[in-house]
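> Sending over a structure as structure tokens; questions will come in a sec.
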Amino acid sequence: MSDQSPRFGLPFILPGQAQKELFHNEALILVDAVLQAAVEEGPRAAPPASPVPGECWIVAAGATDAWSGRGNALAAWIDGGWRFVTPPAGMTVWDKSGGFPRRWDGSVWSGGRLTCSGLSIDGKAVVSERLPALANPSGGTIIDAEARAAVAALIATLKSHGLTD
């Protein structure tokens, strides 16, 4: 058996361990940082000058000072010091400054992008698998320039929103 949890490296209390409360409290501090995690801003290269207890940041690759060597980890300011948590692939945090989620895929933090196979509202599919590209209208025996322009504008709008190719 390991002395820490496999996902977040939370310290276990081991049989016969002295000062068990220290290990228990450290685990609670780390759980507090990662449970429904929220960061002050996206990846940052240097620690803030005046952090407030409980605030958390994503450490940028190549970070400096107290964050050196901790790239992509979550850094939480607790009890006058930094605690670091290495995120497992799939972890999502809320970016307070951006107002959107950030997701760790195991190699990079994404910002504001959600990946899914579809979107349903009240059980009705609103966005689902992408269909083949739409062609602008052409052909026909009677050409209505206004109708073609309107259809072309609709297709352009769908493309600009990423709903079709």
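The values are calculated or read from the model by the stated rules, or taken from the named source; none is laboratory data. Remember, it's a predicted structure, so these values are computed and weren't measured experimentally. Cβ: placed from backbone, ideal geometry, glycine included. Neighbour counts: every protein chain shown.
> Does S50 satisfy being farther than 20 Å from M91 by Cα, surrounded by 11 or more Cβ atoms within 10 Å (Cβ to Cβ), free of Cβ contacts under 8 Å to residues at least 12 places away in the same chain and in the same structural domain as P101 (by TED's automatic domain parsing)?
Considered against the rule, which asks whether it is farther than 20 Å from M91 by Cα, surrounded by 11 or more Cβ atoms within 10 Å (Cβ to Cβ), free of Cβ contacts under 8 Å to residues at least 12 places away in the same chain and in the same structural domain as P101 (by TED's automatic domain parsing), S50 comes out as no.
> Suppose the filter is under 30 Å from R130 (Cβ atoms) and surrounded by fewer than 13 Cβ atoms within 10 Å (Cβ to Cβ); does G90 pass it?
When the stated conditions are applied, G90 passes them.
> State yes or no: is V31 within 30 Å of L114 (Cα to Cα) and part of a helix (DSSP H, G or I)?
It is true that V31 is within 30 Å of L114 (Cα to Cα) and part of a helix (DSSP H, G or I).
> I'd like the full set of residues that are free of Cβ contacts under 8 Å to residues at least 24 places away in the same chain and in contact with a strand residue (DSSP E or B) (Cβ under 9 Å, 6 or more places away or on another chain), limited to the stretch 102-115.
Within the stretch 102-115, R103, S110, G112, R113, L114, T115 meet the criteria.
> Let me ask something else about it. Say whether the condition of being surrounded by 13 or more Cβ atoms within 10 Å (Cβ to Cβ), over 24 Å from the mean Cα position of the chain (by Cα) and of a type in the set (S, T, Y) is met by at least one residue in the stretch 142-164.
Yes; the residues of the stretch 142-164 include at least one that is surrounded by 13 or more Cβ atoms within 10 Å (Cβ to Cβ), over 24 Å from the mean Cα position of the chain (by Cα) and of a type in the set (S, T, Y).
> Out of all the residues in the stretch 106-139, which are of a type outside the set (V, I, T) and closer than 30 Å to R44 by Cβ?
G106, S107, W109, S110, G111, G112, R113, L114, C116 - these are the residues of the stretch 106-139 that are of a type outside the set (V, I, T) and closer than 30 Å to R44 by Cβ.
> For the stretch 26-47, give me the residue count where each residue is free of Cβ contacts under 8 Å to residues at least 24 places away in the same chain and farther than 27 Å from Q4 by Cα.
3
> Something else: Quick test for you: out of G98, G71, pick the one residue that is surrounded by 12 or more Cβ atoms within 10 Å (Cβ to Cβ), under 15 Å from the mean Cα position of the chain (by Cα) and assigned by TED's automatic domain parsing to the domain that holds C56.
Just one listed residue meets the conditions, G98.
> Against the condition on the phi < 0 side of the Ramachandran plot, modelled with pLDDT of 90 or more and either touching a Pro at 6+ places or on another chain (Cβ under 6 Å) or part of a loop (DSSP other than H, G, I, E, B) (or both), how does P48 come out, does it pass?
Considered against the rule, which asks whether it is on the phi < 0 side of the Ramachandran plot, modelled with pLDDT of 90 or more and either touching a Pro at 6+ places or on another chain (Cβ under 6 Å) or part of a loop (DSSP other than H, G, I, E, B) (or both), P48 comes out as yes.
> Next up: Name the strands (runs of 3 or more DSSP E) wholly within the stretch 73-130 that hold at least 1 residues that are over 22 Å from E55 (Cβ atoms)?
Qualifying strands (runs of 3 or more DSSP E): 119-121, 124-127.
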